[in-house]
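Step one of this worksheet: look at the structure below.
The values are calculated or read from the model by the stated rules, or taken from the named source; none is laboratory data. The structure presented is a predicted model; accordingly, all values stated were derived computationally and were not measured. For neighbour counting, all protein chains shown are included, and Cβ atoms are generated from backbone atoms with ideal geometry for every residue, glycine included.
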Amino acid sequence: MKRSRCISVFTIISVLLMIMVALNVMMGSVSVSFDDVINVFAGRSVDEMVRTIILNIRLPRIVAALLLGGSLALSGYLLQTFFANPIVGPFVLGISSGAKLTVAITLIILLSKGFNIGSVGMVVSAFFGAMLAMGFVLIISVKVKNMSILVVCGIMTGYICSAITDLLVTFADDSNIVNLHNWSLGSLSGMNWNDIRIITVITIICFVLTFLLSKPISAYRLGEAYARNMGVNITALRVMLILMSSLMAACVTAFAGPISFVGIAVPHLMKSMLKTSSPIVMIPASFLGGAVLTLFCDGIARTVFAPTEVSISSVTAVLLVPVVIVIMIKRREEAGSR
Amino acid sequence: MADYRLKTEGLTIGYDSDLIRDISLKVQPGKIMTLIGPNGSGKTTLLKTVTRQLKIRGGVIYLSETSMDDMSDTEISKQMSMVMTSNLTPEYMTCREVIETGRYPYTGMLGILSDEDKKIADRAVEMTDTSDICDRQFNSISDGQRQRVMLARAICQEPKVLVLDEPTSYLDIRYKLDILSRIKKLAADENIAVVMSIHELEIAMRLSDVVVAIGDGKILRCGSVDEVFKEDFIRDLYGIKDADISLLGVKPWIDKETVISKKPDASVKRKAHSIMIQGTMSGVGKSLIVAGLCRVFTDMGYKAAPFKSQNMALNSYITKDGLEIGRAQAMQAICCGMEPDVCMNPILLKPTGDKTSQVIVNGRVKANMSAKEYFAHKKDLIPDIVAAYEKLSKMVDIIVIEGAGSPAEMNLKSDDIVNMGLADIIDTNVLLVGDIDRGGVFAQLLGTLDLLEPHERERIKGLIVNKFRGDPALFEDGIRILETKGKVKVNGIVPYMDIHVEDEDSLTDRFYVNQRKAIDIAVIRLPHISNFTDFDVFDQFEDVSVRYVEESEDLCKPDMIVLPGTKTTIGDLKWIKEKKLDQAIRKHASMGVPVFGICGGYQMLGRNIDDPDNTEGGGSEEGLLLLPVDTVMGKEKRRTQFNGKVINATGVFNGICECEVTGYEIHMGITKPFDEVSEFTSDSTGHCSGNVYGSYIHGIFDKKEIVSGIVKALADKSERRVETESVIDQSDYRERQYEILADTLKKSLDMDSILKMVGIE
């Protein structure tokens, strides 16, 4: 791993991140000038509407995109480490869809009884769903060691969960449907500062804990046998990997619905940019990369057909599926050349 | 202080059930303990249990004096490191990073290496000589290098006990010795206790301080090399019954080698004598001269064999082992009375297109390469050539080597492996052959000599003027000029010979025959025609002409149309349609003219040719619709010799039913009838219907019964008389031709001086 390369990659990502933030603040169905943005942050007087748009609509959304995008990529990185499989991610393994299903069930049942479950409730129920899907995938992964079968099972799980969710949506009361429907497609719209607080807390905890796992993950790259020989507590590491990745995927799904492919593609993009798989670099890099990419995609989702919003999953799918395919082809070539 | 580093007490190991119970072993510092035993005896299971990849099923393992159960993960990892056989493929990890993971138990929360750690890693790198590969990706280095890196990683862990599971598997002898000597040094210098499983007994014998033999679900023996390596015990352990165990080496366990009875011809001589025949260009008759010399040497009582390092030809021969070599070498081997062997022609290039060739190494298809690719690659084939030559060298007394083309192709001379390059490798004398029939023989011979480097020129000990028509006495002036100007002796003037042996390749003159005789056979001259020696047998008939036809108007009124074998069936089938030959062939067939397809030609006669695996460019092509069969191209190439018979022949060739057929098959497809049709050649290798016959067998005409039956049927049909009584089997016919060839050479060449060049007085 080359220090100079790492520094330049991180610098590039940080600059991109700032550009993305700036663009996302300014662009949208109402364009805001750069001066106005400065004024808002400097506390100088501006049009009240502009202030509200920036502070209460765009800024929360940007922060959410940053944190959730980062979590999603990190979750993907952990899953890839856990399964030693390059083409897994929370969406592909059906974890996002599992979370979506339980959230949908909770929403419909509770809303019909007049309760409002609130953000924390959403996260808890999403986490429950994520663990359920993860458990299913784990059972399969113990039974079959084949990479592609694992992925196929994950995708199937995802489809089953989505199908049930759709079914529930079809028979839910009209009043719930609109809300649920938008959310189940994946969208970062409608974030408020209350949500952001919870997201921030969960994300920071997960990030720190994950970062502390970088040493055992580093050893785990040589496979279970060697890792154990180096003194890694394999069981503890595996439990932590599952908990962290599920929690992050659940958090994303609870607030933004399932967002596809960021989890698979970002770790690979970062790995090939950094030319190292050292977790101490990869963990922050994946997080930042996920943040930038999600922000970028959300920006597109908001602006291309403005004022109509496209679901962010559509954007990520269009942009990232080619990346995933290239990864798979490359892996095949490498495997073939060996 | 305990006298051991690792100890097991009453240890029980196994996966889901107990495999071996009550193992008590001790490994002392600085000593190497090896585990031997047959596959599946539990060596790896024991090592996996010791390294905690498997649960201890009973008993205790001690590291120094503490039970492993009472130690933390980190404590254990500071005491014991390992190298396993597993094939690691970590992404984007340099070798240095892999080595540094050995510092894991010693680093802090985030695993960042201190300067101290880095120094230790540097030392591990130094001890294993891995500094040059440190910055390379682990995935990009060879197996041997990987094993070294993994050893460095284990050293980096500063262990007191080192566990290795078959550290030498998959390694060639160089890396084997490398790794083992490092392990040995490590044990001695660092006082590390080493436990390793190993398959190679000869190594275990020389490396171990303590040997543990595992088998039958228990530890059978544990002790010094002398105690364990007893012949009877080792035979029992591995269940070796008859094999000669002394091949493992003598001392300390058996005193003397039992004499292995070698084949007599292998023990006669270490290395054969040799002579090389080079030509001034292709087609000067090198192959024939080599064949003739082979025969002359054989007649003199020597065991001779032909050799050509690289042959470019469309025609190949299938050896008994099912391997492909050049047809010329096969013919020359038969001249020597030898079974053709793949070591006589290690490299065969079969052109598949204008610029690409199928590269066949040691009889097996290696790849399709363009001329440029092959030129870059051919140097890598030298070891194959040398190995083949050496193998042949042990089988015979004299090897007659054939060059290729001209030795003075100045632009292609670097990395030459067929002419002077090969002569240098083998260190042999050379005879240079020029062709006077084509003219310019002085320029050919003297020009070639002139263009050679001095050391190459020295190898040329004689000149041969070939294909001389008329009285050789008239060429005396010529000889004098050649000898004074070329400063090399002229060995002989070989007359023009009208000899029918198997043609080398497309350079044959046969393609230009257009005289039509009483019985006229038209062979479609496919662009990628191959193995067309199938038709040589018809040379025996005065009144039969074999014409190669490219245009439909040239077909005239043939008595039989033959579709020969081809390298690319689908491509040539398209060519046939382009040339409108398909309509012409069908028209003749409908008029009752027999149509005979061999191999690729047989495939073309069918309804359809499918190429699902893309062996010939994919797709599907409609055939000539003359036989109710379908062909599916496959990836597997079928190469085999054939001995069978004609089961049933419909139509005019009814007379050849039950005739014996010998030959060979070489093709990449499977052809099956989809409708009622008679089986033509046995084993479903061919089918016929009416006057249309198809078979995969090359050489189908070679038996006299078949060829005379066919000619007779054709003659009867056109109510002509053709003499078929004197016809003999093609193999006998060829034998006679070889005799004529050898006699001619014996008369025209100075055999005494050639024997001197060979190195036999």
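The criterion of at least 3 residues that are modelled with pLDDT of 90 or more is met, among strands (runs of 3 or more DSSP E) falling completely within the stretch B:304-346, by B:304-307. Residues that are small (Gly, Ala, Ser) number at least 2 in the following helices (runs of 4 or more DSSP H) confined to the stretch B:150-233: B:173-190.
Residue count for the stretch B:106-141 satisfying the condition of being at the interface with another protein chain (Cβ under 9 Å from one of its Cβ atoms) and free of Cβ contacts under 8 Å to residues at least 24 places away in the same chain: 6.
Can you confirm whether B:ILE417 is part of a loop (DSSP other than H, G, I, E, B) and β-branched (Val, Ile, Thr)? Spell out the reasoning first.
Details: part of a loop (DSSP other than H, G, I, E, B): yes; β-branched (Val, Ile, Thr): yes.
The answer is yes for B:ILE417.
Considering every residue within the stretch B:33-43, establish whether at least one is in a helix (DSSP H, G or I) and within 14 Å of chain A (Cβ to nearest Cβ).
Keep residues of the stretch B:33-43 that are in a helix (DSSP H, G or I), which gives B:43.
Cutting the leftovers down to within 14 Å of chain A (Cβ to nearest Cβ) gives us none.
No, because not a single residue in the stretch B:33-43 is in a helix (DSSP H, G or I) and within 14 Å of chain A (Cβ to nearest Cβ).
Here A:SER246 fulfils each of the conditions (1) over 28 Å from A:ILE19 (Cβ atoms); (2) away from chain B (no Cβ under 12 Å); (3) touching a Ser or Thr at 6+ places or on another chain (Cβ under 6 Å); (4) not aliphatic (A, V, I, L, M) apart from (3). One residue is enough: does the stretch B:157-174 have a residue meeting the conditions of a type in the set (Val, Ile, Thr), touching a helix residue (DSSP H, G or I) at 6+ places or on another chain (Cβ under 6 Å) and either at pLDDT below 85 or surrounded by fewer than 22 Cβ atoms within 10 Å (Cβ to Cβ) (or both)? Yes, the stretch B:157-174 contains at least one residue that is of a type in the set (Val, Ile, Thr), touching a helix residue (DSSP H, G or I) at 6+ places or on another chain (Cβ under 6 Å) and either at pLDDT below 85 or surrounded by fewer than 22 Cβ atoms within 10 Å (Cβ to Cβ) (or both). Taking the criterion of being without any contact (Cβ under 8 Å) to a residue 12 or more places away in the chain and not aliphatic (A, V, I, L, M), the residues of the stretch A:216-230 that qualify are A:GLU224, A:TYR226, A:ARG228, A:ASN229. For A:CYS297, the conditions (1) closer than 19 Å to A:LEU93 by Cβ; (2) surrounded by 24 or more Cβ atoms within 10 Å (Cβ to Cβ) are fulfilled apart from (1).
Is it true that B:ALA367 is within 22 Å of B:ILE318 (Cα to Cα), out of contact with any Gly (no Cβ under 8 Å at 6 or more places or on another chain) and surrounded by fewer than 14 Cβ atoms within 10 Å (Cβ to Cβ)?
Details: within 22 Å of B:ILE318 (Cα to Cα): yes; out of contact with any Gly (no Cβ under 8 Å at 6 or more places or on another chain): yes; surrounded by fewer than 14 Cβ atoms within 10 Å (Cβ to Cβ): yes.
So B:ALA367 passes the test.
For beta carbons closer than 9 Å, sequence separation of 6+ or different chains, a first residue in the stretch A:15-37 that is at positive phi and a second that is among the charged types (D, E, K, R) and crowded, with 19+ Cβ neighbours inside 10 Å, the qualifying pairs are A:GLY28/A:ARG58; A:GLY28/A:ARG302. When restricted to residues that are assigned to a helix (DSSP H, G or I), at the interface with chain A (Cβ under 7 Å from one of its Cβ atoms) and acidic (Asp, Glu), the stretch B:60-105 contains 2.
Are any of the residues in the stretch B:640-655 within 26 Å of B:HIS588 (Cβ to Cβ) and basic (Lys, Arg)? Explain how you work it out, then say what you get.
The first filter runs over the stretch B:640-655 and keeps only residues within 26 Å of B:HIS588 (Cβ to Cβ), leaving B:646-655.
Filter again for basic (Lys, Arg), leaving none.
Within the stretch B:640-655, not a single residue is within 26 Å of B:HIS588 (Cβ to Cβ) and basic (Lys, Arg).
Scanning the stretch B:706-724 turns up at least one residue that is of a type outside the set (Lys, Arg) and within 37 Å of the chain's Cα centre (by Cα). Could you tell me whether A:PRO267 is assigned to a helix (DSSP H, G or I) and touching a Gly at 6+ places or on another chain (Cβ under 8 Å)? The answer is yes for A:PRO267. Restricted to the stretch A:273-282, and to residues there that are under 16 Å from A:ARG221 (Cα atoms) and in a helix (DSSP H, G or I), the residue that is nearest to the other protein chains (Cβ to nearest Cβ) is A:ILE280. The residues of the stretch A:209-231 that are facing another protein chain (nearest Cβ under 7 Å) and in a loop (DSSP other than H, G, I, E, B), listed by number, are A:ARG221, A:LEU222, A:GLY223, A:MET230, A:GLY231.
This table checks each residue for (1) assigned to a loop (DSSP other than H, G, I, E, B); (2) touching a residue at least 24 places away in the same chain (Cβ under 8 Å); (3) of a type in the set (Phe, Trp, Tyr).
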position: B:VAL661; (1), (2), (3): no, yes, no
position: B:HIS667; (1), (2), (3): no, yes, no
position: B:GLU676; (1), (2), (3): yes, yes, no
position: B:ILE710; (1), (2), (3): no, yes, no
position: B:ALA715; (1), (2), (3): no, yes, no
position: B:ARG721; (1), (2), (3): yes, no, no
position: B:GLN737; (1), (2), (3): no, yes, no
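With the structure loaded, tell me whether A:ALA285 is closer than 26 Å to B:GLU100 by Cβ, crowded, with 24+ Cβ neighbours inside 10 Å, more than 11 Å from chain B (Cβ to nearest Cβ) and of a type in the set (A, V, I, L, M) or whether it fails that test. For A:ALA285, the condition - closer than 26 Å to B:GLU100 by Cβ, crowded, with 24+ Cβ neighbours inside 10 Å, more than 11 Å from chain B (Cβ to nearest Cβ) and of a type in the set (A, V, I, L, M) - is met.
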